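**Student:** Let me begin by handing over the structure; questions about it come next.
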Amino acid sequence: MAQPQAPAFDATQWLTRVQQAAASHSYRGTMIFTGGGIVTSSKVGHLSEGRQRYERIEVLGGQDRQQYRHNDVVLTLWPRDRVAVFEPAPETVDFPALPVGGQRLLESYEVRLVGHERIAGLDADVVMVKPRDAMRFAQRLWAERGSGLLMRADVLGPRGEILESSAFTDLSLGAKLPVESVLGPMRHLDGYRVVRPESQRVQLDAEGWVFQGGVPGFRMVSCARRALQAVAGGSGDARQVLQAVFSDGLTHVSVFVEPYDDRRHRPMRTSLGATHTLMNRRGDWWVTVVGDVPMGTVQQFETRLQRRRE
Amino acid sequence: MSKPMDETQDTARMALSALMDGEAAAGEVESACARWRDAVDARERWHAYHLIGDVLRSEELASSPERDARFLAGMRERLATEAVPLVQRSAATRPALRWQTASVAAAAGFLAVAGVLVAMRSGGDATGQPAGGAVLASASQPEVMTASGKLIRDAQLDRYFSAHRRVSNGASVMVPGAVVRSVDTMAIDEK
């Protein structure tokens, strides 16, 4: 693919480096998320030691929540409700992108270096990831120059307005998270109700569904049957839904399918920050599409989902 | 594959803009209103324009990287020296959805557009679709409704968001630690 940028900037290489940095470096810091008029902050720590990875996220404000990760196991704790949810780390986030991941992104986006800035006291490259069509949002990314660690990501709307932003306001690269601060909480769960929602991979067509034509740039990266868990791990009415996840190399769309229930289901569309959602009835089925993409793209996913003719 | 939003959208958008700014000619007002009635996207945008109009009056608020970097540097210093309550909600307070916090954030120059949670309910079009048949976008346009944490919980949207977040880690796959995002928090807080 021809790259019109200045020869010094290799987009594929830069993207690969950024993808790998989050997994391979140790760091601690505070991250602020703004979007949909809401501001939340989290204390984040990540330790990479040989093949071991440890991570800890504490959300400040709102209802307490802590997340711990050791390699491929993730624990979310809700101290107020005393609920502990164990889940496998999602594959799509786990592995650093291989070069082919970077190439996929370049199919749908153009990547350009647009500047250098200091952020949270560190030097960063600023890169603009511009979509090649109107099916997805642009992003502006700040990556620390030495490590490639992504320090800030802004999702931009069609007029360049910031739809949402995640940014480190302070970052200590190389700072080590104590291993016990992750393993301890993962082991000591006295008084907690422990929940282990299950999911199993399935074939979309075996479940009776197909996508007519594709949605440009997006490919399915996973399809599973899983229980939808209430966010705070509350009630026990975890329903089984089919979740098919699509990616364009940068962002994701989830398509959920479950049996229609007229007591609960109401068609609607919502928009919050960069996230758009559509819920609609399709005969005996209820379809929900969630994506960090424009509403039109979410609608295309819903339209193109078809029941297979037997 | 054709782009979903092209000329019609642009024309509609410009007409709405003109209407918003009080610059539309008489004929334009009528057609903009007609478009508004019929096109849910136009209504959504109208709603959004109104809600964020005040905040976005100035071109300045369209952030420049330098400005944001300065803000972040300032924010970092503040965080180091004082306990800044970034999430200003208690269980008793219903978040005046996005608007007030948007003003706070935007006033700091950090956000150009806060975005708005808009739920559109499909008007009575709950009839089943022909099994296996091709289904195109519904002809009946849903109304624009202001949503709330309650709506999210009633529709159990938080569960879908949460399941989506698990695999997507936010709109950018590369952001470390940005697992927890707004809607999860918002849905939880409104108890």
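**Student:** Mind checking the stretch A:12-59 for trypsin sites (Lys or Arg not before Pro) that DSSP puts in a loop (not H, G, I, E or B) and that have at most 12 other Cβ atoms within 10 Å?
**Tutor:** Qualifying residues, ordered by number: A:Arg51.
**Student:** Restricting to DSSP loop positions (anything but H, G, I, E, B) with no more than 15 other Cβ atoms inside 10 Å of their own Cβ, which trypsin sites (Lys or Arg not before Pro) remain in the stretch A:242-305?
**Tutor:** Listed in order of number, the matching sites are A:Arg263, A:Arg264.
**Student:** Only Cα pairs under 8 Å and at least 6 apart count here; give the relative contact order of chain A as a rounded whole percent.
**Tutor:** After rounding, I find 16 percent.
**Student:** Considering every residue in A:165-177, what mean count of other chain Cβ atoms within 10 Å of its Cβ is obtained?
**Tutor:** 4
**Student:** How much length is gained on full extension from A:Gln200 to A:Ser24, taking 0.36 nm per residue of separation minus their Cα-Cα distance?
**Tutor:** So the extension gain works out to 60.5 nm.
**Student:** What does the structure give for A:282-288 when I average, per residue, the other chain Cβ atoms found within 10 Å of the residue Cβ?
**Tutor:** 4
**Student:** Sticking with this one: Quick one: what do you get for chain A if you divide its Cα Rg by 2.2 N^0.38 Å?
**Tutor:** It is 1.04.
**Student:** Over the stretch A:11-187, what is the mean sequence separation of C-alpha contacts under 8 Å (at least six apart), divided by residue count, expressed as relative contact order in percent?
**Tutor:** Taking the mean separation of contacting Cα pairs over the length of the stretch A:11-187, I get 26 percent.
**Student:** A further question follows. If each residue's Cβ is checked for other Cβ atoms within 10 Å, how do A:Thr297, A:Thr12, A:Thr76 rank with the fewest at the top?
**Tutor:** Listing A:Thr297, A:Thr12, A:Thr76 from fewest to most nearby Cβ atoms yields A:Thr12, A:Thr76, A:Thr297.
**Student:** Okay, moving on. Contour minus end-to-end for A:Glu207 and A:Arg193, with contour as 0.36 nm per residue of separation and end-to-end as the Cα-Cα distance?
**Tutor:** Result: 1.8 nm gained on full extension.
**Student:** Okay, moving on. I want to make sure I understand the PRE zone here: with the label point 7 angstrom from the Cα of A:Gln52 toward its beta carbon, which residues in the stretch A:183-198 have backbone N atoms less than 15 Å away?
**Tutor:** A:183-187
**Student:** Grab the DSSP H runs of chain A that are 4 residues or longer, score each as -39,500 (n - 2.57), total them, divide by all residues and round the 222 nm result to the nearest 500 deg cm²/dmol.
**Tutor:** For chain A, the value works out to -4000 deg cm²/dmol.
**Student:** If we count every other residue with Cβ under 9 angstrom of A:Leu177's Cβ, Lys/Arg +1 and Asp/Glu -1, where does the sum land?
**Tutor:** +2
**Student:** I would also like to ask the following. Just the Kirkwood number for the stretch A:11-187, please: inverse of mean 1/r across all distinct Cα pairs, in Å, one decimal.
**Tutor:** This gives a value of 17.3 Å.
**Student:** Could you give the dipole magnitude of the stretch A:119-174 about its Cα centre, charging the beta-carbon of Lys and Arg +1 and that of Asp and Glu -1, in debye to the nearest 20?
**Tutor:** 260
**Student:** Given H placed on each backbone N at 1.01 Å, which residues far from A:Met151 in sequence or on other chains put an amide H within less than 5 Å of it?
**Tutor:** Close amide H contacts, sequence-distant or interchain: A:Trp142, A:Ala143, A:Glu144.
Every number in this text was worked out from the coordinates using simple rules, so none of it is lab data. Only a predicted model underlies this, so the values are computations on that prediction, with no experimental measurement involved. Cβ coordinates were reconstructed from backbone atoms using ideal geometry, including for glycine residues, and neighbour counts include every protein chain displayed.
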